[in-house]
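Nothing in this text is a laboratory measurement; each read-out follows from the coordinates by a stated rule. Note that the structure is predicted; figures quoted are calculated from it, not measured. Backbone-built Cβ (ideal geometry, glycine too); neighbour counts: all protein chains shown.
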Amino acid sequence: MDVIHKIGRRKTAVARVYVAQGQGNITVNKKDLADYFTTATLQYKVKQPLALTNNDGNFDITVNVYGGGITGQAEAVRLAVSRALCEVDAENRAILKPEGLLTRDPRMVERKKFGQKKARKKFQFSKR
C-alpha cells in the first residue's frame with residue numbers, strides 16, 4: 001500500500017493526513033496523539049473513523065495541522081482520516097457516511113461588519 005495523502009478542514013483549521021500501513025501509531029505535528037490532543041474527547045474524535053471501520057492498529061497516521069482551535073483541529077483530522085479510509089477501501093464509505101464523518105461542516109465565524117460592534121451586535125443606540 002502506498003502512502004495516502006488527504007486534507008480535512010473545519011472552521012479555520014486545516015489538517016493534512018498521511019496514512020500508511022503500520023502498527024497504529026498516530027503522530028500530530030511531530031508529537032504523539034496523547035501529547036497533542038490531551039483530552040479523551042478529542043482523542044476519541046480523531047480515532048472515531050478507525051474504530052468504526054475496525055482499523056485501530058492497521059495504519060500509521062502522520063498529521064500536520066494548523067489554524068483554528070484545538071477542537072476544530074481534531075474535527076479537521078477526523079474528516080481527513082475518514083477520507084483516507086474511503087480511499088483505502090470503498091466499503092468504508094458505507095460505514096462512515098451515515099455517521100456524518102465524510103461531511104465537511106460549512107459553519108464558519110461570521111465576519112464583523114463596519115458600523116457595528118461585532119457580526120450582529122450593534123453599537124449602543126441613544127435616542128437623546
Checklist line | Spin-label pair Ala94/Ala20, simplified geometry with 7 Å Cα→Cβ offset, distance in nm | finding: 3.2
Notebook entry, point to check: Taking 0.36 nm per intervening residue step and subtracting the Cα-Cα distance, what contour gain separates Glu110 from Tyr44 on full extension?
Noted result: 20.9 nm
Check: In whole Å, what is the distance between the alpha-carbon centres of the stretch 1-61 and the stretch 89-108?
Finding: 15
Margin query: On C-alpha positions alone, give me the angle between the axis of helix 70-88 and the longest principal axis of the chain, in degrees, nearest 10.
Written below: 40
Check: Fully extended, how many nm does the chain gain between Asp35 and Tyr66 (0.36 nm per residue separation, minus their Cα-Cα distance)?
Finding: 9.6 nm
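Against the globular-protein guess of 2.2 N^0.38 Å, express the Cα radius of gyration of the chain as a ratio, rounded to two decimals. Can you show the working numbers first?
Details: Rg = 18.3 Å, N = 128, 2.2 N^0.38 = 13.9 Å.
Working it through for the chain, the quotient is 1.32.
Where both residues lie in the chain, what percent of DSSP beta bridges are antiparallel, nearest 5?
85
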Next item on the list: List the trypsin sites (Lys or Arg not before Pro) within the stretch 74-104 that fall in a DSSP loop (any state other than H, G, I, E or B) and whose Cβ has at most 12 other Cβ atoms within 10 Å.
Entry: Arg104
Next item on the list: Would you calculate, for the chain, the mean residue ellipticity at 222 nm contributed by helices, counting each DSSP H stretch of 4 or more residues as -39,500 (n - 2.57) and dividing by all residues, to the nearest 500?
Entry: -10500 deg cm²/dmol
Notebook entry, point to check: Which angle from 0 to 90°, rounded to the nearest 10, does the C-alpha axis of helix 40-52 make with the longest principal axis of the chain?
Noted result: 50
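Taking Cα pairs under 8 Å and at least six residues apart, what relative contact order does the chain come out at, in percent?
Over the chain, the number comes to 31 percent.
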Check: Under a Cβ-Cβ cut-off of 15 Å, what is the net charge of the residues other than Tyr44 that fall near it, where Lys and Arg count +1 and Asp and Glu count -1?
Finding: 0
